Amino acid sequence: MSTDVTTAAAEFARRQQSPVQRLQSQLHKRPWLSPLFLLFVAFLSFFIATPTFLTANSMGILLQQTAIIAALAVGQTLIILTAGIDLSVGAIMVLSMMVMASLAQDGGMPGILALLIGILLAVGAGFLNGILVTRINLPPFIVTLGTLSIFTAIALLYSGGASIQAPRLPRLLNFLGEGFGIGGFRLTWGVILVGVIYAVVAFVLSQTAWGRYVYAVGDDPESARLSGVPSKRILLGVYTVAGLIYGIAAWILIGRAGAATPNAIPDANLQSITAVVIGGTSLFGGRGRLVGTLIGALIVQTLQFGLSQMGVDQQWRVLATGILVIIAVAVDQWIRKVKA
Amino acid sequence: MTVNWIQTPHTRASDLEVSHDGIPPGKEAIYAQEPVLSARNLVITFGRVVGLDGVDLDLYPGEVLAVIGDNGAGKSTLIKCLTGAYVPNSGTITMNGREVSFKKPQDAREAGIETVYQQLAVIPALDIASNLYLAREDRRKGPLGSIFRMLDKKGMERRAGEAVQNLGIQTIQNMGQAVETLSGGQRQAVAVARAAAFGSKVVVLDEPTAALGVKESGMVLDMIKQLRDKGLSIILVSHNMPHVWEVADRIHIQRLGGRAGVITPESHDMGEGVAIMTGAKKLGGTATPAAEAPRADAVHEGSRGSEGTRAGHVEDAPADRGDRP
Ligand SMILES: Nc1ncnc2c1ncn2[C@@H]1O[C@H](COP(=O)(O)OP(=O)(O)OP(=O)(O)O)[C@@H](O)[C@H]1O
Ligand SMILES: [Mg+2]
């Protein structure tokens, strides 16, 4: 009887697959392939559509624009991996940015001190989210919806809604906007720092016990607890680390924008979530790769940047992003349904 | 402690002696020792539901203690209280005579208690090796491990493979396979292999063979005997009466959140055990009054039958339990 089973199984393995089915099963094995393919398609289309797109200069700018969202999306990925969501990403970043800038403006405080206080504030904000999620057991959506408004309001009240321009800030705060050119391609320290963040967090997620616990807690919190994983501590840690990353993103943003502005990136929340989702991380937690998020962030920004190079209005770009999210998730669902 | 068993296999169950300190013949030496794990008067409530209503339990070194009882009798709740998954409202737990208070499963694990929970507690998205080593990962040697905290994935995968091999499960080959791709029985085998590999004093198994085939169940029973021979103590929760009567030294009967009695396979046969468990019989000795309450029958009628009762042959064992497929 077992021979029958083996033969049937072998036959099944040898069965004729249509090219589409083969593609589907390949994508299933390598989930980051489909966002990578999407990125490739986007590049190709814009390359054909506008001559200025695929130039060294444009690519440098694209990377700088991607850096902020890509950084925020790292924190967002960690939180979504635990089956949470963070709607307060942008608010924490802006609050941290306004505080570091106002403390340091016109030489009020040494840049390094202001920077540290700003980043610590972001860490504290993430920690607060974590406490509300783990101790009061509120759903992350509700917690961060609340803190989104709270942090935004504090940032506005604190700054009086006014921006602080780069010349009034110490060099350290503007530093990440500086960089060097390789031909026409300009690489900023901010972009490099984001690369470092990705490398470190990807390492932690895939090579350390903490990384495993993040996946375990996101996939099945009760089983993780019964297996001895300190679920609450991991969750609290994830929100706190996310806060730290948002604080660093605030620093990068000052350098990139050449100013600290309360409404610098109004759609930071949605763009960071979009990057994570397009990157193939499941909103149900426990599944996803950081490299996918990086590709996702690049796709979102490529679309924005490419369309703006083509002279397409902001509204149309937002519309395109929306369509992209839905297509990406639909493709993702299709890949998951693979049979082999 | 005295042996107070009257060997009366053919008496009516209404006359059955139910004791809490029966000793299997020939194993007196084990029971002269101090229990490795001991619980007194455990109480836990879930809102208005009483999960455990003052339960005592003793587990001796090197013994296999089976826990049987109807669905909802509190078997899983009992072992969860013993292993830190639940914190009982009151009662004491001692290990080797010293009082312990497990606040979380990790505490019990560190004290040498490994558990296969009924819901298995494996993480579907992680691979088999990661599941076996979850929350006790090995790190790489040298600075890669000590400074960079890198996991020794290769080593853990190899040792996980050995643990599964030891259990004799051949259908699981690739330790890098995600648990979600395994069959229900294979998942259960992973959970059992994990407990067997890491248990140092006590191994608790909550229905470890529920999803297993005949051959695999036999392997788990062999594994239980091996662990016992190594001197470990085992708590086995099971609905499979032949299994229980095969491996258990003593049988703790859980009923309606309380302990209905502790018997041995020698003192009572399966049918009698089931009769006490279901409350179909009027109990002698330290019988629980609840067994006679009308509610008990309602519970019994409504509960899903256990396959082990097929072997039951006490005269008034209820018919509906006997002809389940
Ligand atoms: N977390 C919980 N919340 C509420 N009630 C619970 C909880 N855990 C157990 N109970 C209740 O405690 C009682 C005993 O449940 P338990 O799981 O211990 O039964 P069991 O003997 O293991 O049954 P089974 O044979 O079906 O596994 C049940 O009435 C159950 O509803
Ligand atoms: Mg149970």
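Quick notes
- On Cα atoms only, tilt of A:56-81 relative to the major axis of chain A in degrees: 70
- P(r) of segment A:206-340 over all Cα-Cα pairs, binned every 5 Å from zero, in whole percent: 2, 9, 13, 18, 17, 16, 12, 7, 4, 2, 0, 0
- Segment A:31-335: relative contact order as a whole-number percent, Cα under 8 Å and 6+ apart: 33
- Length-normalised contact order of segment B:21-280 in % [C-alpha pairs under 8 Å, at least 6 apart]: 27
- Alpha carbon convex hull of segment A:31-335, projected area averaged over orientations, nm²: 15.7
- Delta accessible area of at least 40 Å² on complex formation, residues of segment A:223-237, 1.4 Å probe, chain isolated as reference: A:SER223, A:ARG225, A:LEU226, A:SER227, A:GLY228
- DSSP finds beta bridges in the protein assembly as shown, and of those with both partners inside it, around 65 percent are antiparallel.
- Shape call, segment B:63-214: gyration tensor on alpha carbons, a/c limit 1.5: oblate
- Viscosity 0.890 mPa s, 25 °C: Kirkwood-radius Stokes-Einstein D of segment A:68-141 over Cα pairs, µm²/s: 185
- Approximate spin-label separation A:LEU54-A:LEU157, in nm, with each point projected 7 Å along Cα-to-Cβ: 5.2
- Alpha-carbon centroids, segment B:97-166 and segment B:59-83: separation in whole Å: 23
- Karplus-derived 3J(HN,Hα) values for segment A:223-231, using 6.51 cos²θ - 1.76 cosθ + 1.60 with θ = phi - 60°, are 5, 4, 4, 5, 7, x, 7, x, 3 Hz; glycine and proline are entered as x.
- Angle between chain A longest axis and helix A:209-219 axis [Cα atoms, degrees, rounded to 10]: 70
- Here the average projected area of the convex hull drawn through the C-alpha atoms of segment B:21-280 stands at 14.8 nm².
- Most to least packed among A:49-58, A:100-109, B:244-253, B:144-153 [average Cβ atoms within 10 Å]: B:244-253, A:100-109, B:144-153, A:49-58
- Amide H within-cut-off set for B:VAL100, under 5 Å, with H built and near neighbours excluded: B:ILE93, B:THR94, B:MET95
- Test item: B:115-125 mean partner chain Cβ contacts at 10 Å: 6
- A cut-off of 5 Å between modelled amide H atoms, ignoring neighbours fewer than 5 places along the same chain, links B:TYR60 with B:VAL36.
- Solvent-accessible area per residue, Å², over the protein assembly as shown with all protein chains present [probe radius 1.4 Å]: 44
- With 27 Å as the limit, the listed pairs B:LYS75/B:LYS103; B:LYS141/B:LYS230; B:LYS75/B:LYS201; B:LYS154/B:LYS225; B:LYS80/B:LYS230 have B:LYS141/B:LYS230; B:LYS154/B:LYS225 beyond it between alpha carbons.
- Near the amide H of A:GLY179, within less than 5 Å, lie the amide hydrogens of A:TRP189, all on another chain or at least 5 residues away, with H placed in the peptide plane.
- With only the Cα atoms considered, the protein assembly as shown has a convex hull volume of 199 Å³ per residue.
- Kirkwood Rh (inverse of mean 1/r, distinct Cα pairs), segment B:84-149, angstrom: 14.5
- Highest average packing first - A:274-281, A:121-128, Cβ atoms within 10 Å: A:274-281, A:121-128
- For segment B:141-274, the fraction of C-alpha pairs more than 17 angstrom apart is 65%.
- Computed E for A:VAL196/B:SER183 - FRET, C-beta separation, R0 35 angstrom, nearest 0.05: 0.25
- Accessible area buried by the pairing of B and A, both sides summed with a 1.4 Å probe, works out to roughly 2000 Å².
- Along chain A, longest interval not containing exposed trypsin sites (Lys or Arg not before Pro), exposed being DSSP loop plus at most 13 other Cβ atoms within 10 Å: A:136-336
- Ratio of Rg to Rh for segment A:103-171: 1.09 [Cα atoms; Kirkwood radius as inverse mean 1/r over pairs].
- At 1.002 mPa s and 20 °C, Stokes D of segment A:42-99 from Kirkwood alpha-carbon radius, µm² per second: 156
- Peptide ranges B:108-120, B:175-187 listed from the most packed, as the mean C-beta count within 10 angstrom indicates: B:108-120, B:175-187
- The apolar share of the surface of segment A:31-335, taken as the fraction of accessible area on carbon and sulfur atoms (1.4 Å probe, ligands and nucleic acids excluded), comes to 73 percent.
- Per residue of peptide B:102-109, the mean number of Cβ atoms on other chains within 10 Å of the residue Cβ is 3.
- Shielding score for B:128-135, defined as the mean number of other chain Cβ atoms within 10 Å: 4
- Applying 1/(1 + (r/R0)^6) with r as the Cβ-Cβ distance of A:LYS337 and B:ASP56 and R0 = 60 angstrom yields a FRET efficiency of 0.70.
The values are calculated or read from the model by the stated rules, or taken from the named source; none is laboratory data. Predicted model only: the values in this text are computed from it and were never measured. We place every Cβ from the backbone using ideal geometry, glycine too, and count neighbours over all the protein chains shown. Side chains are part of the model used for accessible areas, which takes the heavy atoms of the whole protein and leaves out ligands, DNA and RNA. Shrake-Rupley method; radii C 1.70, N 1.55, O 1.52, S 1.80 Å.
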